[in-house]
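Worksheet: the structure to be examined is printed underneath.
The values are calculated or read from the model by the stated rules, or taken from the named source; none is laboratory data. On a predicted model such as this, the values are computed, not experimentally measured, just so you know. Please note: Cβ atoms are built from the backbone with ideal geometry, for glycine as well, and neighbour counts cover all protein chains shown.
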Amino acid sequence: MAVSARPIAPAASLSTRSAPVVRIQVTVNGSPISAEVEPRTLLVHFLREVVGLTGTHIGCDTSHCGACTVHLDGKPVKSCTVLAVQANGRQVRTVEGLEVDGKLSAVQEAFVEAHGLQCGFCTPGMMMTATALLARNPNPTEPEVRDAIRGNLCRCTGYVNIVKAIQLAGKKMQANPTGPGGSP
Ligand code: FES
Ligand code: FES
């Protein structure tokens, strides 16, 4: 899988002085990251506060919204429900890893072209879920798209253009299967 290997902010530590820490090594968007974290640190906090990738959003504290969706070893997960230590030795891909060398992925292009966003808060999670869906089903029906994104909430769009964007992205990926961001 080709992912962006652009420089990432230097690893820092989320540890507090008295708390026990563990060192983890995670490959994020193709770049190895080594950091000390508390065992309780959530993957979403590791990505945002240690790695510095703030495209992964936090929209709730109840595991409902899906704004925090990333790929862990190619599978979409809600990163607020995963501990950073559970990602040790594994591959994580965030929304920042969808584009390659400045070229947007088909999913990113399609969200722009089909107006699949309004405020954009849900969009990173939607795009990660969509990318995973299209990798296993490049030509999903509307019900299949709606089923795939049932764990991703949008407060703005009514979902109509999100569904259209995901189906458009599928067509783009079939037309250019080697384009960026095509596989989770
Ligand atoms: S932040 Fe809402 S599901 Fe993770
Ligand atoms: S575009 Fe605003 S929450 Fe989805």
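Give the number of residues within region 31-90 that are over 24 Å from residue 153 (Cα atoms) and in contact (Cβ under 8 Å) with a residue 60 or more places away in the chain.
Qualifying residue count, region 31-90: 5.
Spot the failing condition for residue 79; the list is (1) out of contact with any Cys (no Cβ under 7 Å at 6 or more places or on another chain); (2) buried (at least 19 other Cβ atoms within 10 Å of the Cβ), and only one is missed.
It is condition (1) that residue 79 fails.
Only residues that are within 26 Å of residue 92 (Cβ to Cβ) and surrounded by 14 or more Cβ atoms within 10 Å (Cβ to Cβ): list them for region 158-181, please.
Of everything in region 158-181, those that are within 26 Å of residue 92 (Cβ to Cβ) and surrounded by 14 or more Cβ atoms within 10 Å (Cβ to Cβ) turn out to be 162, 165, 166, 169, 170, 172, 173, 179, 180, 181.
Of everything in region 59-71, what is closer than 19 Å to residue 85 by Cα and within 13 Å of ligand 1 (Cβ to nearest atom)? Give them in sequence order.
Selection gives 63, 68, 69, 70.
Residue by residue, here is whether (1) more than 16 Å from ligand 2 (Cβ to nearest atom); (2) at pLDDT 95 or above; (3) farther than 19 Å from residue 166 by Cα holds:
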residue: 79; (1), (2), (3): yes, yes, yes
residue: 82; (1), (2), (3): yes, yes, yes
residue: 89; (1), (2), (3): yes, yes, yes
residue: 94; (1), (2), (3): yes, yes, no
residue: 104; (1), (2), (3): yes, yes, no
residue: 110; (1), (2), (3): no, yes, no
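Would you check which residues across region 48-66 are farther than 23 Å from residue 31 by Cβ and crowded, with 17+ Cβ neighbours inside 10 Å and list them?
Of everything in region 48-66, those that are farther than 23 Å from residue 31 by Cβ and crowded, with 17+ Cβ neighbours inside 10 Å turn out to be 59, 65, 66.
Here's the yes/no breakdown for (1) within 17 Å of the chain's Cα centre (by Cα); (2) buried (at least 18 other Cβ atoms within 10 Å of the Cβ); (3) at pLDDT 95 or above; (4) not assigned by TED's automatic domain parsing to the domain that holds residue 28:
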{"residue": "116", "(1), (2), (3), (4)": "yes, yes, yes, yes"}
{"residue": "122", "(1), (2), (3), (4)": "yes, yes, yes, yes"}
{"residue": "137", "(1), (2), (3), (4)": "no, no, yes, yes"}
{"residue": "150", "(1), (2), (3), (4)": "yes, no, yes, yes"}
{"residue": "156", "(1), (2), (3), (4)": "no, no, yes, yes"}
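Among the residues of region 58-74, which ones are in a loop (DSSP other than H, G, I, E, B) and either small (Gly, Ala, Ser) or within 9 Å of the chain's Cα centre (by Cα) (or both)?
First pass over region 58-74, keeping only residues in a loop (DSSP other than H, G, I, E, B): 58-68, 73-74.
If the condition is that a residue be in a loop (DSSP other than H, G, I, E, B) and either small (Gly, Ala, Ser) or within 9 Å of the chain's Cα centre (by Cα) (or both), then 59, 63, 66, 67, 68, 74 are the ones that fit.
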